Amino acid sequence: MPALELGRQRDRTAVLGLFLAAALVAVQSVCNAPPRFPSAELKEEYQGITSFSYNSKVEYVCRPGYIRNVNARSTLICGRHKTLSSKPCAYPGEPDNGRLVVAENFSFGSTVSFTCNTGYRLVGNPQIQCMLKNGVVTWDRDIPICEPIPCLPPPKIANGEHSDADKELFEYGASVTYWCHTVRRGETPFSLVGDASIFCTTTDNINGVWNKPAPECKVVNCEYPSVKNGKVLSGYRHTYAYRDTVMFDCNFRYTMNGSETSTCKENGLWDPPLPLCQLSSCDDPPDVRNAFKAKLAGNLFPVDTIITYECKEGHQFSPGENTWHIKCLPGFTWSETPQPCERIHCPNPDVKNGKLLNALRENYAYGDTLEITCNDGYAFKGHGNSIVLQCSSDGRWDPEVLECTPERHCPRPDTAHGTEVYNSRNDYTVGTQVRLGCDTGYVLRGQDLTECQADASWAPPLPFCDKVCDPPPQITNGQHSGLRTEKFPYGAEVTYSCAEGLSLIGDASIYCTSDDGVNLAWSGPAPECRVVRCPKPTVERGRMTPQRFTFPYGVAVQFSCDEGFVLHGDAESRCLADSAWHPPLPTCQPGGYQTRADSGIALVQLHEWGCFVTGGLGLTEGLRQEGDAQHVGPCSSLMPSVFVLVLLKKKRDTCEKILQNREAFQCGVPLTELKTLLEVQKLYLEIQKLERDLRSTTNG
């Protein structure tokens with residue numbers, strides 16, 4: 001047994017003796033259960049009993065791992081031995097950078113342990129025990145201390161150095177960083193092989209070690225990473241040193257076997273090893289004349305890919321065969337190359353009562369054309385005297401070879417006032433084309449070219465000749481829109497325009513029409529182009545809208561009078577061909593009722609033949625009574641039977657008309673006038689109320 005273990009057992013033996021010597025059962029007549037010790041336990045016959053009578057004796061035996069101290073008592077007697085087990089040891093404290101492993105209590109006989117924080121090591125005994133020393137319950141020794149775990153200085157490296165070369169003491173957690181020396185221009189630089197930084201750590205919590213070996217500074221070169229049938233995708237450079245990484249890609253139709261990236265390692269080799277680019281597809285399938293590849297998806301063709309060829313329209317590989325299949329074999333070659341597709345042939349036509357024109361070959365294939373004509377007096381039914389056949393994709397002639405039968409004639413194309421301009425044949429047989437025209441003064445209605453059909457009818461139908469108007473008359477200093485038109489049929493329209501600065505007098509457009517339904521003529525005389533200017537329209541006490549400075553033919557202006565004046569005449573006038581305004585310009589004359597009173601309010605009824613005061617308050621003599629009426633002047637510009645309020649003002653000696661109906665407010669009355677009108681209306685209503693009050697007082 002090691003010396004350390006023997007020392008520990010001796011200590012435990014002494015502790016057992018002290019525990020037994022210190023134990024005491026209560027002096028009462030009955031004792032409770034005897035005390036428990038970490039190094040000794042009751043014999044089996046005493047275990048489980050919780051009450052003992054006076055002078056009862058119990059005996060202890062050592063626990064496993066302990067031996068009995070012959071000088072210590074192993075028995076206790078109820079009522080004879082005093083106990084100190086109830087007094088605990090004081091809190092022992094904690095070492096700096098360490099901690100106490102907390103026990104359940106610090107009672108007599110208990111043991112506590114200490115441990116150090118990470119990076120520190122324990123100096124002293126890691127355990128202390130609560131025991132009786134010189135009659136006092138205390139700890140058997142001082143607590144240990146925790147000191148930093150030291151490391152040896154980091155190793156030096158050739159061709160490099162680290163960051164703490166001047167430092168002597170390195171404790172747990174310290175780190176250093178290495179780098180390589182620089183070299184002169186033209187020399188290959190050193191590469192730092194390994195981790196640049198290492199740090200102080202520990203494996204046994206006692207001695208410090210560096211976490212890994214120091215790196216090396218050495219020259220590392222890797223060969224150029226050449227991959228057959230592949231290329232460097234990224235990381236390209238002229239030379240490759242330690243830790244350079246490249247990425248590869250294979251050429252089209254090659255697949256990569258291995259890693260797509262590789263790194264130059266310290267041994268000058270690429271890791272992982274450079275990949276291989278292996279062929280994984282057949283080349284493009286061969287082109288076949290007059291055929292196309294059906295359902296071709298993508299441009300990669302792995303083993304067992306099947307390509308289907310289909311012949312173009314009107315072609316075939318062999319009679320009845322228009323498809324062909326080839327397959328990509330394991331050696332990435334195609335199983336075969338198909339033969340080209342040949343044109344489908346049509347049989348030579350046999351035509352009775354007819355012959356072939358320009359028959360320069362013996363065999364005819366898809367797309368060839370052949371013209372056949374019937375002998376004189378014969379024609380193809382529905383196709384005229386000759387026909388062009390074409391060899392179709394199914395090996396048949398289109399249209400099918402027809403029979404030449406005795407030909408039919410169309411009637412002579414007689415059209416009133418019309419003539420034949422051209423015909424292809426004089427006998428009007430099937431296929432004859434005729435072009436028709438009209439006599440002078442007529443225009444052709446319908447298609448001018450027609451052809452005799454197999455059913456002896458003309459198609460399109462024969463046209464007819466319709467009358468036209470003479471050319472429209474020319475005008476001086478003007479022109480019309482039909483200068484480039486030769487004929488003017490019924491309904492044609494021409495529009496005249498004048499040279500700049502002239503006015504068009506008359507209707508601008510005339511039409512080709514008919515008064516009797518037979519003869520055609522223009523709807524009216526042509527207009528004239530001449531200078532027409534009206535004088536500037538001036539109305540005293542009036543305003544013109546819109547404001548303008550020139551007044552040529554056709555211009556219209558509107559007039560309104562200043563406040564207090566009434567418009568006599570038409571409100572709109574237009575400049576006409578006689579350089580005068582029509583209707584004549586209006587005038588603005590004073591309007592309303594004159595009064596000698598300072599002011600007053602009256603209700604006026606307006607008629608188209610005049611204005612009459614029908615009631616009011618504070619008016620001149622003769623108008624004080626309700627129901628009286630006085631004619632105050634014409635009101636030609638106002639609607640009949642419209643009731644208005646008039647404000648009588650001595651300053652102006654006029655009647656200002658204030659419309660009460662909704663239309664007045666839609667005529668754009670200025671806000672300032674509207675406010676005045678509303679105030680007057682309010683005053684009128686107040687006067688009416690005052691009159692009613694006065695009448696009720698008088699009657700009462």
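The values are calculated or read from the model by the stated rules, or taken from the named source; none is laboratory data. Values in this document were obtained by computation on a predicted structure and should not be read as measured data. A quick note on method: Cβ atoms are made from the backbone with ideal geometry, for glycine too, and the neighbour counts reach across all protein chains shown. Keep in mind that these areas ignore ligands, DNA and RNA; they rest on the heavy atoms of the full protein, side chains included. Shrake-Rupley method; radii C 1.70, N 1.55, O 1.52, S 1.80 Å.
Odds and ends about this structure:
- Inclusion of Leu360 among residues that are at pLDDT below 85, touching a strand residue (DSSP E or B) at 6+ places or on another chain (Cβ under 6 Å), in a loop (DSSP other than H, G, I, E, B) and open to solvent by 30 Å² or more (accessible area, probe 1.4 Å) is not warranted.
- Test: Arg574 is open to solvent by 40 Å² or more (accessible area, probe 1.4 Å), touching a residue at least 12 places away in the same chain (Cβ under 8 Å), closer than 30 Å to Glu500 by Cβ and not β-branched (Val, Ile, Thr): yes
- Verdict on Thr513 being modelled with pLDDT of 90 or more, farther than 30 Å from Ile687 by Cα, open to solvent by less than 50 Å² (accessible area, probe 1.4 Å) and in contact with a Phe, Trp or Tyr (Cβ under 9 Å, 6 or more places away or on another chain): yes
- Criterion (within 60 Å of the chain's Cα centre (by Cα) and among the small types (Gly, Ala, Ser)) met by exactly one of Ser386, Ser392, Ser457: Ser392
- Hits in segment 304-333 (condition: under 30 Å from Ile372 (Cβ atoms), in contact with a Ser or Thr (Cβ under 6 Å, 6 or more places away or on another chain) and open to solvent by less than 80 Å² (accessible area, probe 1.4 Å)): Gly314
- Yes/no for Val70 being closer than 24 Å to Gly135 by Cα, in contact with a Pro (Cβ under 9 Å, 6 or more places away or on another chain) and either part of a loop (DSSP other than H, G, I, E, B) or at pLDDT 80 or above (or both): no
- Criterion (among the charged types (D, E, K, R), within 28 Å of Pro338 (Cβ to Cβ) and more than 40 Å from the chain's Cα centre (by Cα)) met by exactly one of Arg289, Arg237: Arg289
- The condition of being within 15 Å of Glu94 (Cα to Cα), part of a loop (DSSP other than H, G, I, E, B) and not acidic (Asp, Glu) holds for only one of Arg185, Arg121, Arg141, that being Arg141.
- Any hit, segment 174-188, residues being among the basic types (Lys, Arg) and open to solvent by less than 80 Å² (accessible area, probe 1.4 Å): no
- Lone qualifier among Glu336, Glu371 - being open to solvent by 20 Å² or more (accessible area, probe 1.4 Å), over 17 Å from Asp455 (Cα atoms) and free of Cβ contacts under 8 Å to residues at least 12 places away in the same chain: Glu336
- Residue selected from segment 416-429 under the condition surrounded by fewer than 17 Cβ atoms within 10 Å (Cβ to Cβ) and of a type in the set (Val, Ile, Thr), by the criterion modelled with the highest pLDDT: Thr419
- In summary, strands (runs of 3 or more DSSP E) completely within segment 191-286 and bearing 2 or more residues that are farther than 28 Å from Gly331 by Cβ, touching a residue at least 24 places away in the same chain (Cβ under 8 Å) and open to solvent by 50 Å² or more (accessible area, probe 1.4 Å) occur at 216-218.
- Subset tally (residues that are surrounded by 14 or more Cβ atoms within 10 Å (Cβ to Cβ), part of a loop (DSSP other than H, G, I, E, B) and at pLDDT 90 or above) for segment 527-561: 7
- Strands (runs of 3 or more DSSP E) fully within segment 291-357 counting 1 or more residues that are basic (Lys, Arg) and under 30 Å from Val401 (Cα atoms): 354-357
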